[in-house]
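See below for the structure under consideration.
The values are calculated or read from the model by the stated rules, or taken from the named source; none is laboratory data. Source: prediction; values computed, not measured. Note that we place each Cβ from the backbone using ideal geometry, even for glycine, and neighbour counts take in every protein chain shown. Only protein heavy atoms, including side chains, enter the accessible area calculation; ligands, DNA and RNA are left aside. Shrake-Rupley method; radii C 1.70, N 1.55, O 1.52, S 1.80 Å.
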Amino acid sequence: RRRVPREGGIRVGGGLVFHRHEQDAIDYAGVINRLGSPVFVKPANMGSSVGVSKASTADEFYAAADKAFEYDRKILVEEMLVGRELECAVMGNATPETTSVGEVGMAQGFYDYDSKYISEDAAKITIPAEGLSPATHAKLLLVARQAYQVCGCEGLTRVDMFLCEDEEVYVNELNTLPGFTNISMYPKLWEHAGTGYSDLIDHLIDLALDRAAQVAGLR
């Protein structure tokens, strides 16, 4: 999730990967020497922030690693980026389209499972994100499209980014199966762009059928 965008010239934060057979050898001091503190510890193949923890001490880190390994044989340890958390919905196969940029604002903590699905006031979703200059907004859309294409995405993806104080854009992750609940950012972004829920699903089905026809034609 970071190596491919980085190789494609996309800015990403620092991160480390550990496998379960390495668990007893993970050295917290070495991790923070590389990434600083705090860090985020995540299962590599989960969604909705399940199993994700923020760690600022050795005890928190090892507990976070244990928790992440409950969900996957591979975990990610990522540096903390300080900036605005912005998201863009992308849709398409060969020629992707983007929405405007939305923002996730947290009253406290980070955007974990509870703040996404349970708490009604932990997170504030703003569409479109406020206070972005036209140049910065255009830059965010360009980065979202570039990340989508560099990673070979098709159909749909939500590109999550950080806009840091130096106006640099960092891609946090590409969510290739974003949430579709009534509070999810992806359909909300397309609704703001003028594509309602039913039309959005129709469009995604058309893209999937088009992709299937292309694959069948290669056989």
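Give the residue that is farthest from E173 (Cα to Cα), with candidates limited to residues of region 1-26 that are open to solvent by less than 30 Å² (accessible area, probe 1.4 Å) and β-branched (V, I, T).
Ranking the candidates gives I26 first.
With respect to A147, is the statement that it is surrounded by 15 or more Cβ atoms within 10 Å (Cβ to Cβ), within 20 Å of the chain's Cα centre (by Cα) and of a type in the set (A, V, I, L, M) true?
yes
Filtering region 85-108 down to residues that are free of Cβ contacts under 8 Å to residues at least 24 places away in the same chain and farther than 22 Å from F162 by Cβ, which residue is most open to solvent (accessible area, probe 1.4 Å)?
Residue satisfying both the conditions and the ranking: T95.
Determine which member of the set G155, G179 is surrounded by 15 or more Cβ atoms within 10 Å (Cβ to Cβ) and at positive phi.
Checking each option against the conditions leaves just G155.
Quick one: in region 27-51, which of the residues that are under 14 Å from K67 (Cα atoms), among the hydrophobic types (A, V, I, L, M, F, W, C) and out of contact with any Asp or Glu (no Cβ under 6 Å at 6 or more places or on another chain) is most open to solvent (accessible area, probe 1.4 Å)?
Among those residues, the one meeting the criterion is M46.
Which condition number in (1) closer than 26 Å to D199 by Cβ; (2) touching an Asp or Glu at 6+ places or on another chain (Cβ under 6 Å); (3) not small (G, A, S) is the one that N172 fails?
(1)
Are there any pairs with C-beta distances below 9 angstrom linking a residue in region 149-166 that is more than 18 Å from H203 (Cβ to Cβ) to a residue that is among the hydroxyl-bearing types (S, T, Y) and assigned to a loop (DSSP other than H, G, I, E, B), with the two at least 6 apart or on different chains, and if so which?
Short answer, once both residue conditions are applied: C151/T176.
Are there any pairs, at least 6 apart or on different chains, whose C-beta atoms fall under 9 Å, with the first in region 194-216 and in contact (Cβ under 8 Å) with a residue 40 or more places away in the chain and open to solvent by 60 Å² or more (accessible area, probe 1.4 Å) and the second part of a helix (DSSP H, G or I) and of a type outside the set (A, V, I, L, M), and if so, which?
Matching pairs, first to second residue: H203/W190.
Being assigned to a helix (DSSP H, G or I), among the hydrophobic types (A, V, I, L, M, F, W, C), more than 13 Å from V90 (Cβ to Cβ) and at pLDDT below 95 narrows it down to one residue among A212, A208; which is it?
A212
Which number in (1) closer than 20 Å to C164 by Cβ; (2) open to solvent by less than 30 Å² (accessible area, probe 1.4 Å) marks the one condition that V82 misses?
(2)
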